[in-house]
Amino acid sequence: MYIYNVTLSIDESIHDDWLQWIHNHIPEVLATGKFVSAKLTQVLVEEEMGGITYSVQYRAKSREDLDSYYKEDADRLRTDGMRKFADKMLAFRTELKIVNEFFSNEVKN
């Protein structure tokens, strides 16, 4: 399993519009069929440059699915956000390979 992580720094002046956009964008990425799930999280560290930072983690079953996303879908899906938010959004992408996952046996309140 692979995680395609997109970390985004969003200027506060477009935050509400961007948040609405990303809630529509994530299902578009999932609709490519290359990912099995996605998680949107807010980074809780204050950035020196200001703005609000988020991470979107898309899970792919295989390296082939991730490569297929890059080849067939990435440019088209990235262009929409870059065109809409231009210099008010900065994105940084990383890939992670899941080596192992551990889960707690008990849920604590």
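Would you kindly state the longest site-free stretch of the chain, with sites defined as GluC sites (Glu not before Pro) in a DSSP loop (not H, G, I, E, B) surrounded by at most 11 other Cβ atoms within 10 Å? Working shown, then result.
On the way: sites that count: GLU46, GLU47, GLU48, GLU101, GLU106.
By the stated rule (loop sites, at most 11 other Cβ atoms within 10 Å), 49-100.
Think of a 1.4 Å ball rolled over the protein heavy atoms: the chain then has 70 Å² of accessible area per residue. Site pair ASN5 and SER104 shows an inter-label distance of 2.1 nm when each label is modelled 7 Å from Cα along Cα→Cβ.
Derived scalar couplings between HN and Hα for the stretch 61-73 equal 5, 9, 4, 4, 4, 5, 4, 5, 4, 4, 6, 9, 10 Hz in order, rounded to whole Hz, by the Karplus curve 6.51 cos²θ - 1.76 cosθ + 1.60 (θ = phi - 60°), x for Gly and Pro. Ranking ALA91, VAL43, ASN24 by Cα position along the charge dipole of the stretch 20-109, where only Lys, Arg, Asp and Glu carry charges on their C-beta atoms, puts ASN24 farthest toward the positive end.
For the stretch 1-107, applying the loop criterion from DSSP together with a ceiling of 10 other beta carbons within 10 Å to the chymotrypsin sites (Phe, Trp or Tyr not before Pro) yields PHE102, PHE103.
Maximal additional length on extending the VAL45-ARG78 stretch stands at 9.4 nm, based on 0.36 nm per residue less the C-alpha distance. Rounded to the nearest 20 debye, the dipole magnitude of the stretch 12-101 is 360 debye, with +1 charges on Lys and Arg beta carbons, -1 on Asp and Glu beta carbons, and the Cα centre as origin. Let me know the shape class of the stretch 69-109, please: from the alpha-carbon gyration tensor, a ≥ b ≥ c as square roots of the eigenvalues, rounded when a/c is under 1.5, otherwise prolate if a/b is greater than b/c, or oblate. Because a/c hits 1.5 or more and a/b exceeds b/c, the stretch 69-109 counts as prolate.
The values are calculated or read from the model by the stated rules, or taken from the named source; none is laboratory data. Being a predicted model, the structure only gives us computed values, none of them experimental. No Cβ is skipped: glycine too gets one built from the backbone with ideal geometry, and neighbour counts run over all protein chains shown. Accessible surface areas use protein heavy atoms only, side chains included; no ligands, DNA or RNA. Shrake-Rupley method; radii C 1.70, N 1.55, O 1.52, S 1.80 Å.
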